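Each remark here refers to the structure printed beneath this line.
Here, each number is a calculation from the coordinates, and none is a lab measurement. Keep in mind that this is a model prediction, so the values were computed, not measured. Cβ coordinates were reconstructed from backbone atoms using ideal geometry, including for glycine residues, and neighbour counts include every protein chain displayed.
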């Protein structure tokens, strides 16, 4: 028996990031504390940049890889590119040292002496960098997986580091650890469904590769109960990851509890990866079963939009508002999958690409508004920010308008493309719900804007902290992207349209 | 109608837009010259508009429209949207109004806002508004219009909330926002319907699609209704009218520009622009007429009860726009008259708002007319210009409003059948009430005895404020005659709004009879007002022993109470219930149901609401639901 042939070139981007993550672990273990931060950040940024370069080099690839367990095609390239860009921006925020977002020693018990000692002596651990790199590599594998088992493994590679990262917050550590534990337990719970579903599908299709499943559906007509049960359970696992209702409950707690740079990273990267995987499954593997999954996804999409937008109105914590907003956006994104057309595919990728910038920028701004104890996430204390820090408030306004999908921001282009695609495919109910939900959603985004500009500032020590160049760069890149892709989105749209094809 | 191309249209928008950006980014360094730059930008745009008008008049009547392609905005698969500007007979009217009246208001604001430390920012927002409004009327597709539509919304919130020291102002801005969002849903739906039915969102594409018969009448009626919803939100028409009165909290020049002359009339523009939809959608057209007729009376009745001069004018604006909307609902005969009333109204109402601003300027920002009185001697220019606007709005010949309103009343009577008679009577009644409440405003402000606060020292405003008022009042005198003489405006607009040259329908009443009736109605209104307000002294505070009808009118015909009861409270409750469900009820189900458990849970974990086990249960329930659904689908 011959050893299987591995295409190292086209798997390069993933391998580079994975290798750097391993190097990061070694650095953390063996390098003296003084040089760790610089080496860790250097390795991480270099790895992501190199991986991106390699990705650009292989951008014309369209083939299966690693014995058909992966598919490196245009869709993968776009998604991996998005993951790398958002991963880079997330890393910039994580590397910000001015704020002490991360606990000095994650292993120390909250409130214990060790923790206090580590904090006072400034013994900052830097394990967050290799963790982030592992998460990025998982997020790159996830949309590339062409096999249920690879998909499962990459899901875990993506999730496990995120569970840890969620618990690293310096401030309100108990909240942070609780969020991490919740995320882990629920993640494990939904992973079990996912695996169970995979087993069912394998039982019916006799294969775990997407091509095999696709073929078996064509041959059998797809009316087999086991296949459908498997699909339903698989759907649960995926919907958990994209935080669609009713699998969304973890999102606000985790978004709130995690260190904000991690929230920014998670919000953008996980969404891209999870929707990327979902697209490959629904469009490619089980596209033949559209009659069975479309009605369910329509219902879930509508419920998700409704829950996300309506409950966001009642929130008083900025991070929870943004979490519900992320839930609502998952609802909007699902309409792209429901469309099941080339337009829907393009639109989903465009939406993900534009959304990532806006959401990272939003959370980056959240890290800036602080008082002596750390970030101020109570919305009432953001009142009057427009008067004290017009530039920050202005940029935040831009991001919020982008999330609301107001014209001339990238959010509008994404929403327009995705709703148009869904409408063209004849799923009008979901579009009407989407338009209504957008209108409601705009209300709570604008409420924040109104609050920043039209209320009097409260004198309670809340102020905007001047960040280092890394956070500034992140915000600037995100703001420019949000604006430019709103006014002149054509180059991005053309690029994605011409790339987005599945390898047959 | 063939369209030429032009490469100068973009300057109309670009000049104020760049000026706005320059003023905002330039910072404090520009404080001394910011107002001059802003005014110059608006004036330059006006000059460009005049040049365009001159060019347009030089072209043949059938090929006067020109377009300019800027860039391809969105291109998704088979679907392409261009950012293209379109200047035709309809849009040039608006462009001239926006830049012309806009420039006068800029000049006025130089003096009006002289003591405001943020004057530069104010002018930046004014310029932004002008640019967005121009984009709205120059876009060649529903989507381009939508961009401008949102832009004027944004600019107007910034301007309404400009003096944001008081919470009421922020509330006003929010209210305007919500009403507009409801309207915007209408516009998005209209765009969607247009796209699905015709595969195009340009006005031209949709018109051609309708002509080719590629849409059912249901679809056209739905699109018409969606457009109407958008217009209702933007133009403060019934039932989304509540925001306009509150929006008066903003600086008075803003009220004159946005809430009298330009933005609130965007709905009239949208409906006139969509004439090809409404001409083929009788049900939607009927809805337009009803909305117009109801608002016309609604606004007029509110106007009778207001003591705040700006709110009285706002109610009157609502009512006058009701006339315009009504006219657009009357089909090809009505569009031109709606436009004519829109333009004349732009002059006289902006003039009166500036007049009100001038009065407030002299009276320590007092807006209560019960504290005015006998101002005609101390503010002669304001009195004269406001008075000319007054004569125009109530429709005394030969002032501008006479021509435009008279035509609308006439067209309403000619609508045919009982509809014509009802509409005719409504418009006549509206004219009578208008005469009543405007006379009341005049008497309370400029005549009678002094009821000033001891601190008030009224004086005439400086020339920078009076000159724009004088120019606008000249418009209030002359524009009506200029537009209606020889049906000039009607013929000018015909290629856009009346392509098929509809002949006049049968006349129910001879024009001279209609004019006579209208004059009679106006005379009644004036007489009642004179009887009521010129003899007796006016109490300094509003009398409380009034009929329940007066009370209701003072409360804006209960519009806020209605909104609160019907929309806001249920909405808030729904939000609370959903949030509650999300947090607690699932947990209750897990723990064996019961209030005890819930209370215990609440006590135990007040800070944290989420239990992992309830989340997990939710996931399980969701899974069961999905499994059930997928199996049901197969059976």
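Can you tell me the FRET efficiency between residue B:47 and residue A:464 if r is taken as the Cβ-Cβ distance and R0 is 56 Å, rounded to the nearest 0.05?
In this case the efficiency is close to 0.85.
Tell me, in nm to one decimal, what length is gained between residue A:498 and residue A:7 on full extension, where the rule is 0.36 nm per residue of separation less the Cα-Cα distance?
Stretched out fully, the residue A:498 to residue A:7 stretch lengthens by 174.4 nm.
For a Förster distance of 35 Å, can you work out the FRET efficiency between the beta-carbons of residue B:418 and residue B:396, rounded to the nearest 0.05?
Result of the calculation: an efficiency of 0.70.
If you line up the long axis of helix A:8-30 against the longest principal axis of chain A, both from Cα atoms, how many degrees apart are they, to the nearest 10?
Tilt of helix A:8-30: around 40 degrees.
Can you compute the modelled spin-label distance between residue B:28 and residue A:30, with each label point 7 Å from Cα toward Cβ, in nm?
Simple spin-label model gives 5.7 nm for this pair.
Considering only DSSP beta bridges whose two residues both sit in chain A, what percent are antiparallel, to the nearest 5?
About 100 percent, rounded to the nearest 5.
Under the classification rounded if a/c is under 1.5, otherwise prolate if a/b is larger than b/c and oblate if not, where does the protein assembly as shown fall, given a ≥ b ≥ c as square roots of the Cα gyration tensor eigenvalues?
prolate
Within region A:161-199, what residues put their amide N at less than 18 Å from the label point 7 Å along the Cα-to-Cβ vector of residue A:149?
So the set is A:192, A:194-199.
Looking at the protein assembly as shown, what % of its DSSP beta bridges pair antiparallel, to the nearest 5?
Expressed as a percentage, antiparallel bridges in the protein assembly as shown total about 90.
Given Cα pairs under 8 Å that are at least 6 residues apart, what percent is the relative contact order of region B:162-280?
34 percent
Quick one: grab the alpha carbon gyration tensor of region A:79-196, order the square roots of its eigenvalues as a ≥ b ≥ c, and give me rounded if a/c is under 1.5, else prolate or oblate depending on whether a/b is larger than b/c.
oblate
Please work out how much length the chain gains when fully extended from residue A:15 to residue A:220, using 0.36 nm per residue of separation minus the C-alpha to C-alpha distance, in nm with one decimal.
Difference between extended and current length: 70.1 nm.
How far apart, in nm, are the 7 Å Cα→Cβ label points at residue A:174 and residue A:480?
For residue A:174 paired with residue A:480, the spin-label model returns 4.5 nm.
What is chain A by shape, rounded, prolate or oblate, if you read a ≥ b ≥ c off the alpha carbon gyration tensor as root eigenvalues and call it rounded for a/c under 1.5, prolate for a/b larger than b/c, and oblate otherwise?
Here chain A falls in the oblate category.
Assuming R0 = 45 Å, what is the FRET efficiency of residue A:63 and residue A:121, from their Cβ-Cβ distance, to the nearest 0.05?
The calculated FRET efficiency here is 0.30.
Grab the Cα-Cα distance for residue A:487 and residue A:317, subtract it from 0.36 nm times how many residues apart they are, and report the gain in nm with one decimal.
Working it through step by step, the gained length comes to 58.1 nm.
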